[in-house]
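Below is one structure, written out as structure tokens; comments come after it.
The values are calculated or read from the model by the stated rules, or taken from the named source; none is laboratory data. None of the values given here were measured: they were computed from a predicted structure. When we count neighbours, we look across all protein chains shown, and the Cβ atoms used for this are built from the backbone with ideal geometry, even at glycine.
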Amino acid sequence: MPVRPPDYPAGKASARPSRTPVSASRAPSPDQSSPLLGNLTPSQFMRRYWQKKPLLIRQAIPDIAAPLTRDELFELADQDEVESRLITHFRNKWQLEHGPFAADELPSVRQRAWTLLVQGVDLHNDSARALLDRFRFVPDARLDDLMVSYATDGGGVGPHFDSYDVFLLQVHGKRRWRIGAQRDLSLQPGLPLKVLQHFEPEEEWLLEPGDMLYLPPHIAHDGVAQGECMTCSIGFRAPSTAELAAQFLYYLAERGEAAGARDRDALYRDPQQPAVAKPAALPAALVDRVGAILAKIDWSDKDVSTFLGTYLSEPKPSVVFDPPQRPLDAARFAKRASNEGVRLDRKTVLLYDNRFYYLNGEENSLTGVKSWLTELADSRYLSAKRFVTLSQQSSVTALLHEWYRAGWIQMGELR
């Protein structure tokens, strides 16, 4: 059992950190070694570790500070559009509650063994978005969100496993991690959260601010706070086969692009159906006919690409964009963008393939915009100098002004 340290000095966790907060550092290029990955290049990391084995990285981001203070995190947890969970382990009993949580609904920070999990912090905080951007050596189509875990001494969520890749970055205080590549993933019955029934740790480390642990899917792990701490979890999307299949078939049906679309409105006919003595029996002819219809369903690589682009760029249900309260007109927008440049809003998802771009779930042709739009998508920013060059095309300025009015882009670089 961890030894409980003295109470955290009043105001220390809630004050603005004195260390440099996370800046808008870019992800390392594929062949550039980086402390973020233990001085591996992203190419080496992806080849040796991604979805293969864990990696402990000491001082992945030296002198890091939490992207937001404890009080700011608590304020986020009190918002309806933010997904938050409170996990307590009082008197050896696990309990789970879902937010939002008013300030007086959370346990005292002096109370041991509780954890607050806040999902999608990158959607609400620029420093969290900047931190997430450091991991864009993995395709945006796989990048999910940044979750912040706040815990008091002894706090955790129990030994468990995830079905997706995750980087666990310590940003405040200390957390002890135990991991194991066990095959027995059975869960304790009757609990409100998924806790392994037979946890068999093989390795153990104490992570301090700046240290990071990468875990591929299904590696069992248990993290326990040693004093008050914050951990950032950078998670990745891993939709199931069933989810992708169901959504793709819905996509085809919605667009009428399944094979046999020419007669998709034709009604079922059975002129040869005989009278039956067993009316509840499913007619064999009906089964055969529907089977033949389904066998005709066809699609192309373009259909798959377009589906993935729109599906993976679709904002989460809780996402709401904030248009400017007093939007600049087109001329003033162009003048300001010429001085500051423009960036994608932290909630915006912009993907592309060879023919189309996908902006927040909408599909559009790349024709006429490919030269600059792919640049914006990859860097999430157009410099002032680049905007001046592009503004010579009125259609570019008009399109970016439209996105600005919708809240999809913002002025200036992420800081």
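From the set of residues in region 377-407 that are out of contact with any strand residue (DSSP E or B) (no Cβ under 7 Å at 6 or more places or on another chain) and closer than 21 Å to residue 353 by Cα, which is surrounded by the most Cβ atoms within 10 Å (Cβ to Cβ)?
The selected residue is 396.
Could you check residue 49 against (1) within 29 Å of residue 181 (Cα to Cα); (2) surrounded by fewer than 17 Cβ atoms within 10 Å (Cβ to Cβ); (3) at pLDDT 50 or above and say which number it fails?
(2)
Scan region 286-324 residue by residue and report those that are touching a residue at least 60 places away in the same chain (Cβ under 8 Å) and farther than 26 Å from residue 144 by Cβ.
Matches in region 286-324: 324 only.
Is it true that residue 149 is of a type in the set (Ser, Thr, Tyr) and either in contact with a Ser or Thr (Cβ under 8 Å, 6 or more places away or on another chain) or closer than 20 Å to residue 97 by Cβ (or both)?
On the way: of a type in the set (Ser, Thr, Tyr): yes; either in contact with a Ser or Thr (Cβ under 8 Å, 6 or more places away or on another chain) or closer than 20 Å to residue 97 by Cβ (or both): yes.
In short, yes.
One residue is enough: does region 277-297 have a residue meeting the conditions touching a helix residue (DSSP H, G or I) at 6+ places or on another chain (Cβ under 7 Å), exposed (fewer than 11 other Cβ atoms within 10 Å of the Cβ) and either over 23 Å from residue 251 (Cβ atoms) or not assigned by TED's automatic domain parsing to the domain that holds residue 390 (or both)?
Within region 277-297, none of the residues are touching a helix residue (DSSP H, G or I) at 6+ places or on another chain (Cβ under 7 Å), exposed (fewer than 11 other Cβ atoms within 10 Å of the Cβ) and either over 23 Å from residue 251 (Cβ atoms) or not assigned by TED's automatic domain parsing to the domain that holds residue 390 (or both).
Are any of the residues in region 332-343 closer than 29 Å to residue 396 by Cβ and without any contact (Cβ under 8 Å) to a residue 40 or more places away in the chain? Show your work before the answer.
Taking region 332-343 as the starting set, the residues that turn out to be closer than 29 Å to residue 396 by Cβ are 332-343.
Pick out the ones that are also without any contact (Cβ under 8 Å) to a residue 40 or more places away in the chain and you get 332, 335.
Within region 332-343 (the criterion being closer than 29 Å to residue 396 by Cβ and without any contact (Cβ under 8 Å) to a residue 40 or more places away in the chain), the answer is yes, since at least one residue qualifies.
From the set of residues in region 136-153 that are surrounded by fewer than 19 Cβ atoms within 10 Å (Cβ to Cβ) and of a type outside the set (D, E, K, R), which is farthest from residue 314 (Cα to Cα)?
For region 136-153, the residue satisfying everything is 138.
Hey, which of the strands (runs of 3 or more DSSP E) in region 56-123, taking only ones fully inside, have at least 1 residues that are surrounded by fewer than 15 Cβ atoms within 10 Å (Cβ to Cβ)? Break it down stepwise before answering.
On the way: elements: 84-90, 93-98, 114-118.
Qualifying strands (runs of 3 or more DSSP E): 84-90, 93-98.
Just to be sure I understand the filter: pairs with C-beta atoms under 7 Å, separated by 6 or more residues or on different chains, first member in region 368-389 and more than 15 Å from residue 133 (Cβ to Cβ), second member β-branched (Val, Ile, Thr). Which pairs pass?
Once the first residue is more than 15 Å from residue 133 (Cβ to Cβ) and sits in region 368-389, its partners that are β-branched (Val, Ile, Thr) give 372/396; 382/342; 387/342.
Could you tell me whether any residue of region 286-307 is under 25 Å from the mean Cα position of the chain (by Cα) and under 30 Å from residue 412 (Cβ atoms)?
No - not one qualifying residue is present in region 286-307.
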